[in-house]
Amino acid sequence: MSGKSEEVLIMFAEFVESTHGRRQSCYLAYRYSLKRKSQNGSEYWVRVKCNATATSYSDASIVVRDHHTHLPDETDMEILQIRKTLKRKVMEESGPIDRIVEEAYHAANRQSQSSDLIFNLPLIHRMKNTSQKQRCKTGSPIPQSIEQLPYPLPDVYCNTTKSELFLLYDGSLGGTRSLVFASYNDIVYLSQQEHWYSDGTFYTCPSIFYQIYSIHAYYDGMSTPCVFALLGGESEET
């Protein structure tokens, strides 16, 4: 037995992008990461999950060296697509990370025809942690003071998920910038109720504001929050 690796010539190999934006090549459910490029235009690839290697050339042909120490993962490309779609949603949408990840996870569970897909997906709490880090890297830095808060606020913070106006007021109250939020339907509902309740809380308030002040409509034994105000102070004028 010579121990020499077997080489297979593959034409028109598929190229994809990893979740980190890196170029990868694919062959028979195996993915390869680009290791280096040579001066003659060829590229040297290494298998993502083992030491198998391949070399691609400018004519789109690839020489694959069969050193695989495991069977091909038929769900690998599907999982890659799920993770890339999830990353795009996390970057483009402003909804809570937990909800976006859970929806993607359950959608994959419903649509998959193989139990191996869910088994091979990263644990859901890891997907949430990764998604949170991705959003933090590409998002705007968190303001450390009211003065650092952008003015005007980006539209994503001014509208509901149905693209209806949510920001009612952005200006000075008691000499400090404050924000008041409520949807049109919430205002209508509040106006129709006889009993209102209001209260301020400090525990869940963003650190750059002094308190969250909310107005609730009370009807049939149920209290419904309708108006939310992020206030910069506690004065009577505010």
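Measure nothing fancy, just the Cα-based angle from helix 124-138's long axis to the longest principal axis of the chain, in degrees from 0 to 90, nearest 10.
So the inclination is approximately 80 degrees.
I need the shape label for segment 162-238. Rule: rounded when a/c is under 1.5, else prolate if a/b > b/c, else oblate, with a, b, c from the alpha carbon gyration tensor.
Taking the square roots of the gyration eigenvalues as a ≥ b ≥ c, segment 162-238 is prolate.
For Cys205, what is the net charge nearby, where nearby means another residue's Cβ is under 14 Å from its Cβ and Lys, Arg count +1, Asp, Glu -1?
Surrounding charge for Cys205 is -2.
Let me make sure I get this right: for segment 101-231, a, b and c are the square roots of the gyration tensor eigenvalues over alpha carbons, sorted descending. Under 1.5 in a/c it's rounded, otherwise prolate if a/b > b/c, else oblate. Which is it?
oblate
Counting helices only, and only those DSSP H runs with n ≥ 4, report the 222 nm mean residue ellipticity of the chain as the sum of -39,500 (n - 2.57) divided by its residues, in deg cm²/dmol to the nearest 500.
-8000 deg cm²/dmol
Check which residues have an amide H placed less than 5 Å from Gly233's amide H, if you skip close sequence neighbours.
Tyr210, Gln211
Gln132 label point, 7 Å along Cα→Cβ, cut-off 20 Å on backbone N: hits in segment 141-157?
141-144
With each label point set 7 Å from Cα along the Cα-Cβ vector, what nm distance links Val188 and Ser61?
The answer from the label model is 6.9 nm.
I want the local charge near Ser183. Using Cβ-Cβ distances under 12 Å, sum +1 for each Lys or Arg and -1 for each Asp or Glu among the other residues.
Value of the local net charge: -1.
In the neighborhood of Ile146, defined by Cβ-to-Cβ distances under 15 Å, what is the net charge if each Lys or Arg adds +1 and each Asp or Glu adds -1?
-2
Near the amide H of Leu168, under 5 Å away, which other amide H atoms are found, from residues 5 or more places off or on another chain, if H is placed in the peptide plane?
Val180, Phe181, Ala182
Note the angle between two axes, namely the Cα long axis of helix 97-111 and the longest principal axis of the Cα atoms of the chain, as a number of degrees from 0 to 90, rounded to the nearest 10.
50
Using a/c under 1.5 as the rounded threshold, could you call segment 7-65 rounded, prolate or oblate? The axes a ≥ b ≥ c are square roots of the C-alpha gyration tensor eigenvalues, and prolate needs a/b larger than b/c, oblate otherwise.
rounded
Roughly what angle does helix 76-92 make with the longest principal axis of the chain, taking Cα atoms, 0 to 90 degrees, to the nearest 10?
Taking Cα atoms only, the helix is inclined about 30 degrees.
Amide H to amide H, which residues 5 or more places from Tyr219 or on other chains are under 5 Å from it, using H placed in the peptide plane?
Those qualifying (amide H under 5 Å, at least 5 residues apart or on another chain) are Thr224.
How many lysine pairs in the chain, separated by 8 or more positions in sequence or lying on different chains, have Cα atoms less than 19 Å apart?
Pairs that pass both the separation and distance tests number 13.
Springs between alpha-carbon pairs under 10 angstrom, Gaussian network model over the chain: which of Val188, Val90, Val48 fluctuates most?
Val188
For segment 76-138, what value does the Rg/Rh ratio take when both radii are computed over Cα atoms and Rh is the Kirkwood radius, given to two decimals?
0.95
Can you work out ³J(HN,Hα) from phi for every residue in segment 192-209, in order, using Karplus 6.51 cos²θ - 1.76 cosθ + 1.60 and θ = phi - 60°, giving whole Hz and x for Gly and Pro?
8, 9, 7, 10, 10, 10, 9, 6, x, 9, 10, 5, 9, 6, x, 4, 7, 10
Each value in this text was obtained by applying a stated rule to the coordinates, not by laboratory testing. Given the structure is predicted, the values throughout are model-derived calculations rather than measurements. In this analysis, Cβ positions are derived from the backbone assuming ideal geometry, glycine residues included, and neighbour counts consider all displayed protein chains.
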